[in-house]
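Trainee: My questions will all concern the structure given below.
The values are calculated or read from the model by the stated rules, or taken from the named source; none is laboratory data. Since the structure is predicted, the reported quantities are computational estimates derived from the model, not experimental observations. FYI the Cβ positions are ideal-geometry reconstructions off the backbone, even for glycines, and counts take in every protein chain you see.
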Amino acid sequence: MTLKAKEIVDGKFWILESNGAKIATLSWSDDRYMLSDVNGTRFLNKRQLEKDLGKVSWDKKLEITEVTVNEVHGFPTSCAPFNPLYDVVKRLPLFTKSNKSKSHYCAGYYIIRFDKGWVKSFCPKSITIERYPYKGPFKTALEMRTELSKANAK
């Protein structure tokens, strides 16, 4: 029986198949392989791997998958954005969550002041931003948390 190792990450991670059925995962770390199958997880060197598995046909990764980045005007979004636009007056990157949606969301991280105090928010509805004081948008959660600490310290 010949196993087929389909490469997922270049030189680091494979899925092992037998007659088209997935039977295990194999990853390479430092100087050994980690094999995970129905018997559990174990670490093997190359010689032990060949002894345990027998003949393995190693397939190279052929397909190139395109990674979609969910962002609007450089700010991250919580989903694939539709109808992206930039509100120049309010300086807000806006989007909708579906093609026919009427609700606009603000891309990025924000801190919003409610009655209880400042709260962090990721991609809030634009109506929330209109109703409450806010700071943002921020491109990263770290920037947002820093600003939140400053706002809570006041």
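Trainee: Tally up the residues in segment 29-41 that are more than 19 Å from Glu7 (Cβ to Cβ) and surrounded by 10 or more Cβ atoms within 10 Å (Cβ to Cβ), please.
Mentor: Matching residues across segment 29-41 total 1.
Every residue, every condition in (1) part of a strand (DSSP E or B); (2) touching a residue at least 24 places away in the same chain (Cβ under 8 Å); (3) of a type in the set (Asp, Glu), yes or no:
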| site | (1), (2), (3) |
| --- | --- |
| Ser36 | yes, no, no |
| Ser57 | yes, yes, no |
| Ala80 | no, no, no |
| Ile111 | yes, yes, no |
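Trainee: Can we say Thr140 is surrounded by 14 or more Cβ atoms within 10 Å (Cβ to Cβ), of a type in the set (Val, Ile, Thr), in contact (Cβ under 8 Å) with a residue 12 or more places away in the chain and not assigned by TED's automatic domain parsing to the domain that holds Asp10?
Mentor: Answer is no for this residue.
Trainee: If I filter segment 10-19 for residues that are in contact (Cβ under 8 Å) with a residue 12 or more places away in the chain, in the same structural domain as Ile127 (by TED's automatic domain parsing) and polar (S, T, N, Q), do I get at least one hit?
Mentor: No: segment 10-19 contains no residue that is in contact (Cβ under 8 Å) with a residue 12 or more places away in the chain, in the same structural domain as Ile127 (by TED's automatic domain parsing) and polar (S, T, N, Q).
Trainee: Same structure, new question: Quick check on my filter: what residues within segment 116-138 are in a loop (DSSP other than H, G, I, E, B) and either modelled with pLDDT under 95 or of a type in the set (Phe, Trp, Tyr) (or both)?
Mentor: Lys116, Tyr132
Trainee: Need the failing condition index for Phe114 against (1) within 30 Å of Thr25 (Cβ to Cβ); (2) out of contact with any strand residue (DSSP E or B) (no Cβ under 9 Å at 6 or more places or on another chain); (3) of a type in the set (Phe, Trp, Tyr), just the number.
Mentor: With (1) within 30 Å of Thr25 (Cβ to Cβ); (2) out of contact with any strand residue (DSSP E or B) (no Cβ under 9 Å at 6 or more places or on another chain); (3) of a type in the set (Phe, Trp, Tyr) applied to Phe114, the lone miss is (1).
Trainee: Right, something else. Given (1) part of a loop (DSSP other than H, G, I, E, B); (2) more than 25 Å from the chain's Cα centre (by Cα), where does Ser98 come up short, assuming only one miss?
Mentor: (2)
Trainee: Under the condition of being under 29 Å from the mean Cα position of the chain (by Cα) and β-branched (Val, Ile, Thr), which residue from segment 41-87 is modelled with the lowest pLDDT?
Mentor: Out of the qualifying residues, it is Ile64.
One line per residue, one yes/no per condition, for (1) loosely packed, with under 15 Cβ neighbours inside 10 Å; (2) within 26 Å of Ile23 (Cβ to Cβ):
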{"site": "Phe43", "(1), (2)": "yes, yes"}
{"site": "Glu50", "(1), (2)": "yes, yes"}
{"site": "Ser78", "(1), (2)": "yes, no"}
{"site": "Pro81", "(1), (2)": "no, no"}
{"site": "Pro93", "(1), (2)": "no, no"}
{"site": "Tyr105", "(1), (2)": "no, no"}
{"site": "Phe122", "(1), (2)": "no, no"}
{"site": "Ile127", "(1), (2)": "yes, no"}
